[in-house]
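*Asks:* Dropping the structure in here first, questions after.
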Amino acid sequence: ALAAPSLRSFARFSAGSSRPHMHNTVRSRGRLGWNVPSWVWASLAIGTATTAAFFYKSFDVVPESGRGRFIFVSRNFEQKLGHSTFQSFKQQNHDRILPRSHPYYASVTRVLKRLAAVSGMPKRTQWEFIIVKDPAPNAFVVPGGKICVFSGLFDVIGPDDAALATVIGHELAHVIARHAAEKMSVSMILMLGRFALQTLLGLDVPMAFPNILISLPFSRVCESEADFIGLFLMARAGYDPRQASDVWVRMAKRVPRGIALLQTHPDPLDRAARLREWAPRAIHETQQRRSLERHHRMAKALNSTPSR
């Protein structure tokens with residue numbers, strides 16, 4: 001790093017040293033003996049201030065969990081990307097989408113309606129889902145509230161609304177937390193960092209390193225956070241959060257378990273353990289919330305009663 005000129009050297013220069021006068025550009029000699037033009041310091045200061053302002057504006061806090069993060073992607077871009085991705089997926093898999101008359105649709109509609117009502121998302125959010133014929137016990141969501149459920153999921157959870165709420169609540173949580181936008185932001189930082197290392201230091205860093213060290217751990221953080229938020233959603237929607245852990249115990253029997261460091265999702269049994277740990281907190285928070293809502297309704301009723 002370049003060091004700023006010391007006060008002593010600045011005083012000697014101001015007092016009229018024997019150094020020749022520098023036209024247009026004032027140079028200062030740092031501790032390393034480098035002559036640094038003043039415009040370099042000005043550029044560094046402006047760049048630092050601009051970067052700080054950019055990151056300050058981009059700082060965001062995840063609802064429910066309170067985790068701080070930076071997001072550089074606008075909501076509008078995020079939702080447009082989600083819409084185009086979902087439309088493209090439907091076109092590519094149109095022959096595998098189950099008809100609306102299938103009984104699975106009634107189950108998902110019922111659960112999604114209850115969860116969306118307590119999600120805190122704007123009422124204008126256009127939740128949409130499809131069910132695809134696929135043996136994988138899986139589901140995914142894209143920005144804008146577009147959900148895809150694979151039919152194989154019902155082979156694991158059965159006709160259990162609480163189990164389905166565990167999965168659907170997890171998907172809604174990804175939308176609430178804007179995990180897709182955050183992942184895009186992290187990818188942007190990684191690409192810029194890799195480009196900087198190649199340009200400035202000539203280091204060609206294989207993508208495997210930032211993938212294993214940053215991208216995959218970050219993905220697991222997002223999945224755990226979605227489990228956490230989804231658990232609170234299902235509790236507020238009237239489902240028993242203590243049943244959520246059983247879903248991942250069942251999943252562990254169906255999903256192959258690989259090396260933890262190379263997975264995008266946490267181990268199913270680890271997820272089950274965390275959900276068991278969080279369930280009492282979700283129940284307590286829901287009870288407090290309902291008690292507060294009752295007090296508000298009573299106070300509103302008393303205030304609206306005409307005095308005699």
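*Asks:* Out of everything in region 293-308 that is open to solvent by less than 100 Å² (accessible area, probe 1.4 Å) and over 17 Å from A237 (Cβ atoms), what residue ends up being modelled with the highest pLDDT? I'd like the intermediate steps shown before the answer.
*Replies:* Going residue by residue through region 293-308, those that are open to solvent by less than 100 Å² (accessible area, probe 1.4 Å) are 293, 299, 301, 304-305.
Restricting the remaining residues to those that are over 17 Å from A237 (Cβ atoms) gives 299, 301, 304-305.
Values: A299: 80, A301: 77, S304: 73, T305: 66.
Of everything passing the filter in region 293-308, A299 is modelled with the highest pLDDT.
*Asks:* Listed residues R96, R100, R124; which is open to solvent by 60 Å² or more (accessible area, probe 1.4 Å), touching a Lys or Arg at 6+ places or on another chain (Cβ under 6 Å) and over 27 Å from V249 (Cα atoms)?
*Replies:* Numbers: R100 fails: touching a Lys or Arg at 6+ places or on another chain (Cβ under 6 Å); R124 fails: touching a Lys or Arg at 6+ places or on another chain (Cβ under 6 Å).
Of R96, R100, R124, the one residue that is open to solvent by 60 Å² or more (accessible area, probe 1.4 Å), touching a Lys or Arg at 6+ places or on another chain (Cβ under 6 Å) and over 27 Å from V249 (Cα atoms) is R96.
*Asks:* Next question. Pick from K300, K253: which is closer than 28 Å to P217 by Cβ and either touching a Gly at 6+ places or on another chain (Cβ under 8 Å) or not hydroxyl-bearing (S, T, Y) (or both)?
*Replies:* K253
*Asks:* Is region 193-213 home to any residue that is among the charged types (D, E, K, R) and without any contact (Cβ under 8 Å) to a residue 12 or more places away in the chain? Working first, answer last.
*Replies:* Step one: filter region 193-213 for residues among the charged types (D, E, K, R), giving 194, 204.
Retained after the next criterion (residues that are without any contact (Cβ under 8 Å) to a residue 12 or more places away in the chain): 204.
Checking region 193-213: at least one residue is among the charged types (D, E, K, R) and without any contact (Cβ under 8 Å) to a residue 12 or more places away in the chain.
*Asks:* Another question, then. Yes or no: region 130-152 includes at least one residue that is in a loop (DSSP other than H, G, I, E, B), surrounded by 16 or more Cβ atoms within 10 Å (Cβ to Cβ) and out of contact with any strand residue (DSSP E or B) (no Cβ under 9 Å at 6 or more places or on another chain).
*Replies:* Scanning region 130-152 turns up at least one residue that is in a loop (DSSP other than H, G, I, E, B), surrounded by 16 or more Cβ atoms within 10 Å (Cβ to Cβ) and out of contact with any strand residue (DSSP E or B) (no Cβ under 9 Å at 6 or more places or on another chain).
*Asks:* Collect the residues in region 197-225 that are open to solvent by less than 70 Å² (accessible area, probe 1.4 Å), more than 30 Å from A244 (Cβ to Cβ) and of a type in the set (A, V, I, L, M, F, W, C), keeping them in residue-number order.
*Replies:* L197, V205, A208
*Asks:* On to the next question. Of all residues in region 270-292, how many are open to solvent by less than 70 Å² (accessible area, probe 1.4 Å) and either at pLDDT below 95 or not in a helix (DSSP H, G or I) (or both)?
*Replies:* Adding up the residues that qualify gives 3.
*Asks:* Considering region 157-186 alone, what residues qualify as being part of a helix (DSSP H, G or I) and either charged (D, E, K, R) or surrounded by fewer than 16 Cβ atoms within 10 Å (Cβ to Cβ) (or both)?
*Replies:* Start the filter on region 157-186 by keeping residues that are part of a helix (DSSP H, G or I), which leaves 157, 161-177, 179-186.
D161, E171, E182, K183, listed by residue number.
*Asks:* Can you tell me which residues in region 62-117 are among the charged types (D, E, K, R) and part of a loop (DSSP other than H, G, I, E, B)? Give the derivation first.
*Replies:* Keep residues of region 62-117 that are among the charged types (D, E, K, R), which gives 64, 67, 69, 75, 78, 80, 90, 95-96, 100, 110, 113-114.
Residues satisfying the conditions are E64, R67, R100.
*Asks:* Any chance region 63-77 includes a residue that's aromatic (F, W, Y), modelled with pLDDT under 85 and either farther than 30 Å from S119 by Cβ or open to solvent by less than 60 Å² (accessible area, probe 1.4 Å) (or both)?
*Replies:* No.
*Asks:* I would also like to ask the following. Given the options P280, P266, name the one that is touching an Asp or Glu at 6+ places or on another chain (Cβ under 7 Å) and not β-branched (V, I, T). It would help to see each step written out before you state the result.
*Replies:* Details: P280 fails: touching an Asp or Glu at 6+ places or on another chain (Cβ under 7 Å).
Answer to the selection: P266.
*Asks:* From the list L192, L216, L203, which residue is aliphatic (A, V, I, L, M) and assigned to a loop (DSSP other than H, G, I, E, B)?
*Replies:* Details: L192 fails: assigned to a loop (DSSP other than H, G, I, E, B); L216 fails: assigned to a loop (DSSP other than H, G, I, E, B).
The match here is L203.
*Asks:* I want to confirm something. Restricting to region 119-169 and keeping residues that are without any contact (Cβ under 8 Å) to a residue 24 or more places away in the chain and among the basic types (K, R), which single residue is farthest from P241 (Cα to Cα)?
*Replies:* Result: R124.
*Asks:* In addition: When P266 is evaluated against the numbered criteria (1) assigned to a helix (DSSP H, G or I); (2) under 30 Å from A117 (Cβ atoms), which criterion, by number, is the only one it fails?
*Replies:* (1)
The values are calculated or read from the model by the stated rules, or taken from the named source; none is laboratory data. Quantities reported herein were computed from a predicted structural model and do not represent experimental measurements. Cβ: placed from backbone, ideal geometry, glycine included. Neighbour counts: every protein chain shown. Please note that ligands, DNA and RNA were not included when accessible areas were found on the heavy atoms of the full protein model with its side chains. Shrake-Rupley method; radii C 1.70, N 1.55, O 1.52, S 1.80 Å.
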